[in-house]
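The values are calculated or read from the model by the stated rules, or taken from the named source; none is laboratory data. Predicted, not measured: the structure shown is a model, and the values here were computed from it. Glycine gets a Cβ as well: all are built from the backbone with ideal geometry, and neighbour counts include every protein chain shown.
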Amino acid sequence: MKAKILELLRRKGDYVSGQELCTILQVSRTAIWKAIQSLQKEGYHIEAVRNRGYLLIEDEESYSSDKNGVVTSCDIYSKNEISSRLNPESGVNEVFFFDTIDSTNSECARRAEAGAPGGLLIVSDDQSLGRGRRGRTWISPSGCNVYFSYMCRPDISPDKAPMLTLLMALAVCMGMEKILTGKVIKTGGRTAKAVRSAECPMIKWPNDIVIKGKKCCGMLTEMSCEADYVRHVVIGVGINVRHREFDPEIAATAISLDDAWNMKVKRSLLVAGVMNEFGPLLKQFEEEGDLSFVRVPYLDRLANAGKQVRVLDPKGEYSGKARGINERGELLVETGDGKVREVNSGEVSVRGIYGYV
């Protein structure tokens, strides 16, 4: 109920009477008052004025920090805050929020195996056993970053499941753009390039998100399937949000959103924003069956586009220029002899010739 109250107060942008809330939510005035008091204790600034109702006041620029430098106040990070910002097209049917957990991907998988329906979003403030691709550890401290996993049961064949990672990468970029610029940047060549600044997120194929050439987000997609159908897919996302000292081995290639943008990003807004973009992409993918419909927007955000890259293929390394993706999400690399090779993310890694990107 609290998430719905927040959604209604935000949508109205003005005072909402207690009676109106009672009518919409089909509860008593006492229940509304108790919910408002609970939200106030959680940190929301909600004014209650006799004969006018309730008003949610959100100061986007007001933040405070505790003694450890962890941002509090406006950065309310909770199930209710995330749920209140999700739209019906997000594809999220249920949200679970944890202060700490072993891994959001593992929790999604456990619930999927126990029969949970698709559309499950698991969010945690920290992870004790966060995982990255190829078995790498994903350092997941509390109070500063975003860690979430989404479980779906898409009507696709198993060979198409890896393509969902590219869709999530695109959704993360679009969600970040909306926070940075107030809107999703239009795609299509010159229009996108004209408004895209150095602070805008880009995709290092297949799914790392980079800003200013440094990684701010990684993803891990895991699947359970039979020979001819998918039981479930779990997509995990980790985003560096707050400033912190990175471990020496990644310090040169990692960046946080706060540092990249010189602003404080609301983590709940970021999670909901990403899912609001991902839901429609997933729906269209299920309808169309491939990634043809995102080739242009993906290319406009491809950090490697037109650049020389090194393909680290176990069968033999080679270099060429990145030319975008095909309908299967494979990277198209034009080699020196003019031939275009299709690179599958499950087999190789791609690096910039002179650096990470």
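Take the conditions of a type in the set (A, V, I, L, M) and crowded, with 22+ Cβ neighbours inside 10 Å and apply them to Val296. Does it pass?
Against the criterion (of a type in the set (A, V, I, L, M) and crowded, with 22+ Cβ neighbours inside 10 Å), Val296 does not qualify.
Looking only at region 319-347, which residues are buried (at least 17 other Cβ atoms within 10 Å of the Cβ) and either at pLDDT below 70 or not in a strand (DSSP E or B) (or both)?
Selection gives Gly329, Glu330, Ser345.
Mind listing just one residue for me: the one in region 3-28 that is among the basic types (Lys, Arg) and in contact (Cβ under 8 Å) with a residue 40 or more places away in the chain and, of those, surrounded by the fewest Cβ atoms within 10 Å (Cβ to Cβ)?
Filtering first and then ranking leaves Arg10.
Quick check on this structure: which one of Leu312, Leu269, Leu257, Leu302 is touching a residue at least 60 places away in the same chain (Cβ under 8 Å) and farther than 21 Å from Ser197 by Cα?
Leu269
Which one is farthest from Ser106 (Cα to Cα), of the residues in region 226-243 that are in contact with a Gly (Cβ under 9 Å, 6 or more places away or on another chain) and surrounded by fewer than 22 Cβ atoms within 10 Å (Cβ to Cβ)?
His243
Take the residues in region 269-295 that are part of a helix (DSSP H, G or I) and within 15 Å of Pro206 (Cα to Cα); name whichever of them is nearest to the chain's Cα centre (by Cα).
Going through the qualifying residues, I end up with Val294.
If you go through region 29-45 one residue at a time, how many are surrounded by 11 or more Cβ atoms within 10 Å (Cβ to Cβ) and farther than 14 Å from Glu81 by Cα?
Result for region 29-45: 6.
So which of Thr181, Thr187 ends up being free of Cβ contacts under 8 Å to residues at least 40 places away in the same chain and hydroxyl-bearing (Ser, Thr, Tyr)?
Thr181
Quick one: in region 90-106, which of the residues that are charged (D, E, K, R) and at pLDDT below 95 is farthest from Val234 (Cα to Cα)?
Asp99
Please tell me if Met223 is among the aliphatic types (A, V, I, L, M) and touching a Gly at 6+ places or on another chain (Cβ under 9 Å).
No: the conditions fail for Met223.
Filtering region 52-88 down to residues that are small (Gly, Ala, Ser) and outside any loop (DSSP other than H, G, I, E, B), which residue is modelled with the lowest pLDDT?
Per the criteria, the residue is Ser65.
Kindly establish whether Met163 is buried (at least 20 other Cβ atoms within 10 Å of the Cβ), at pLDDT 90 or above and closer than 14 Å to Ile239 by Cα.
No; evaluated as a whole, the condition is false for this residue.
Got at least one residue in region 44-51 being at pLDDT below 90, under 22 Å from Leu121 (Cβ atoms), in the same structural domain as Leu9 (by TED's automatic domain parsing) and more than 23 Å from the chain's Cα centre (by Cα)?
Yes, because at least one residue in region 44-51 is at pLDDT below 90, under 22 Å from Leu121 (Cβ atoms), in the same structural domain as Leu9 (by TED's automatic domain parsing) and more than 23 Å from the chain's Cα centre (by Cα).
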